[in-house]
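Q: Handing you a structure now.
FYI, it's all coordinate maths here, none of it is from the lab. Remember, predicted model here, so these are calculated numbers, not experimental data. Cβ coordinates were reconstructed from backbone atoms using ideal geometry, including for glycine residues, and neighbour counts include every protein chain displayed.
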Amino acid sequence: MGNCLDKISLRGTKPSVPNSAERWSSSGRDKDNVNGKEVAEQKVTREHAYGSTGKIVTPNLKVFTLDELKSATRNFRPDTVLGEGGFGRVFKGWIDDKTYKPSRVGVGIPVAVKKSNPDSLQGMEEWESEVQFLGKFSHPNLVKLLGYCSEENQFLLVYEYMQKGSLENHLFRRGPEPLAWDIRLKIAIGAARGLAFLHNSEKSVIYRDFKSSNILLDGAYNAKLSDFGLAKLGPASDKSHVTTRVMGTYGYAAPEYIATGHLYVKSDVYGFGVVLLEVLTGLAALDPNRPSGEQNLVDYCKPSLSTKRKLKKIMDPGLGERYPIAAAFQVAQLIPKCLESDPKRRPSMEEVLEVLDKANQIKYKPNSKTKSNKKASVVHQTQTQSQTERSHSTSTYALPS
């Protein structure tokens, strides 16, 4: 889910500084589509780092009728729209928590209904990929797919509703309070667990579009990965990568993938490093509204990750000094490792989790400067909010209601 904006062909003229939300692809059809049958036959349960359990299961999805989803969303009324992208629109609906039959607003459980745009070139392929992957994976840090519908040349997906929307929404479209440090680290750890589960499934899965808009948050800020439309099965045991047409999002895609079309499991780790940088700075991966030289976050901030003194200068002003600098520096030192140009030199997601867990053990201790810094951060937030919102056209499927 997250952003699904129209793709831009790499064979055409690539925008010099595209919006961070723009997804792009090379022309041609992806020859090595996901083999859903192979995934379905895997019935293994894995215990992952820090007690996070995930499994690959026999699909048990409800097949909704179009009439049922029309009823659940009040005929896809405009005031139920949660987001919009290249795939189509996402609507909020209500269904019975036991039968999954449509119910009245406020009765049963809320759901997010993703409805394809008939003119979308990516809709069918991504719809199939979502069903094949999310229908078979069960993990606390992956969004839950409840069912689907394919009727009257329309393709729909029904997901659990995520009350807090996307990480991108909280970082760049700020509300009254910026995300606290401990919440940011909790989100990063949850997203890392979800990615580690995918990478370590019996047939490793490459997520291929890891970015802040695809990290959704429930009411307790538990992170769940969404939008599996670009996910791929990883390489065979005797191969290091799979070769496929280049698809992804500017600013997050690994350089070797862009250059060659070679997709490694650790290509996802690069995107994770970019998101960690967004979490520290509160800045988007790409932003044409920033001054020249600062528009690409990796190029701008990477030199500032080497010392605590430099790091403090790029930390999100919304945090004030309400974070443990020792923990932030541990995360900062991890980022360049994730951004290594050679994918073999990047850490695995298990190694990333180890570092994040250690950083999470270091807690912030308030001091007398807290109140004054908090006031200053609110002033900064007010000054920058309008500019930030102009530079992002994000559409997550579950914005705060």
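Q: Past 29 Å, Cα to Cα, is the threshold; run LYS302/LYS358; LYS232/LYS313; LYS224/LYS344; LYS232/LYS363; LYS302/LYS363 against it and keep the listed order.
A: Table pairs above 29 Å Cα-Cα are LYS232/LYS313; LYS232/LYS363.
Q: Sorting check: for 212-220, 323-331, which peptide has the highest mean count of neighbouring beta carbons within 10 Å, and how do the rest follow?
A: Listed from highest to lowest mean packing, they are 212-220, 323-331.
Q: With contacts defined as alpha carbon pairs under 8 Å and 6 or more residues apart, what's the relative contact order of segment 280-324 in percent?
A: Relative contact order of segment 280-324: 40 percent.
Q: Going by average Cβ neighbours within 10 Å, how do the peptides 100-110, 281-291 rank, with the highest at the top?
A: Top of the packing list down: 281-291, 100-110.
Q: For ILE258, ILE95, ILE335, which order do you get if you count the other beta carbons within 10 Å of each Cβ and list the fewest first?
A: Sorted ascending by nearby Cβ count, the order is ILE258, ILE335, ILE95.
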